[in-house]
Structures are given as C-alpha cells and as structure tokens.
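Each remark here refers to the structure printed beneath this line.
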Amino acid sequence: MPKIRVVVDEDLCIGAASCVTIAPETFQMNEENKAWVLDHGTEPDGHTYERWMEVTDDEKENIILAAQSCPTLAVFIFDEGGTQIFPEM
Ligand code: SF4
C-alpha cells in the first residue's frame, strides 16, 4: 500500500472543515478549530498536524480530494520519497 505523509499547516487552516467532510477518517477539527491529522480514524500517537500513514489508492485519492477542497490549501501531501504530491509544485 502507498505510504504518504499528510500535513496540515495550522497557520493556513481557517477551520472551514471541508477536509473533515470529505475525509473524516483522516481529518478532525480540534478545539482551536484547526484540523488534526488522524490515521484511519485513530490517533495512535496523540494529536498532531502531520502524520505518515499507509493508504489504499482509493484512500489516497480521497485524501487528495480533501486537500483540494481546502479553501486556503492548508493540506500538504507527500509521497514516500518525500516528494510533494499536492499542491502540485
Ligand atoms: S479544509 Fe483546510 S481550512 Fe478547512 S479545516 Fe481543513 S485544513 Fe483547515
């Protein structure tokens, strides 16, 4: 399964929550109205704004859709080699 790193830039996040609507297994609003990054709905090592996770191709596509929905492009996605997949450079 592909391994990706998902990062929310807390300074860019304005709490629009569209990422949570599209990918609730990966994003969850916190008390500061910013989006935490989850691993398949769980938080194995606590709350964090960035996380490595193994995903299916469908899950990866959905997480990219969630990132695309973010009005401030606050979600960054990297592949296993560290290359930024989204937003495209
Ligand atoms: S869609 Fe963007 S701005 Fe909205 S909660 Fe998610 S990361 Fe934050």
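Each value in this text was obtained by applying a stated rule to the coordinates, not by laboratory testing. These numbers were taken from a predicted model, which means no experiment stands behind them. Cβ placement follows ideal geometry from the backbone for every residue including glycine, while neighbour counts extend to all protein chains displayed.
How long are the semi-axes of the equivalent ellipsoid of the chain, taking √(5λ) for every eigenvalue λ of the Cα gyration tensor, in whole Å from largest down? Please report the intermediate quantities before stating the final value.
Details: eigenvalues 63, 43, 27 Å².
Ellipsoid semi-axes (Å, largest first): 18, 15, 12.
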Problem set entry | Theoretical gain in end-to-end length, E88 to M1 [0.36 nm per residue, Cα-Cα removed] | 29.2 nm
Seminar exercise, completed: About its Cα centre, the chain carries a charge dipole, from +1 on Lys and Arg Cβ atoms and -1 on Asp and Glu Cβ atoms, whose size in debye to the nearest 20 is 140 debye
Exercise. If the label point is 7 Å along Cα→Cβ of N33, which residues in the range 59-74 have backbone nitrogen under 18 Å from it?
Worked result: 70-74
Exercise. What are the ³J(HN,Hα) values, in whole Hz, obtained from phi via the Karplus relation 6.51 cos²θ - 1.76 cosθ + 1.60 with θ = phi - 60°, for each residue of the range 26-31 in sequence order, with x given for Gly and Pro?
Worked result: 10, 10, 8, 6, 9, 5
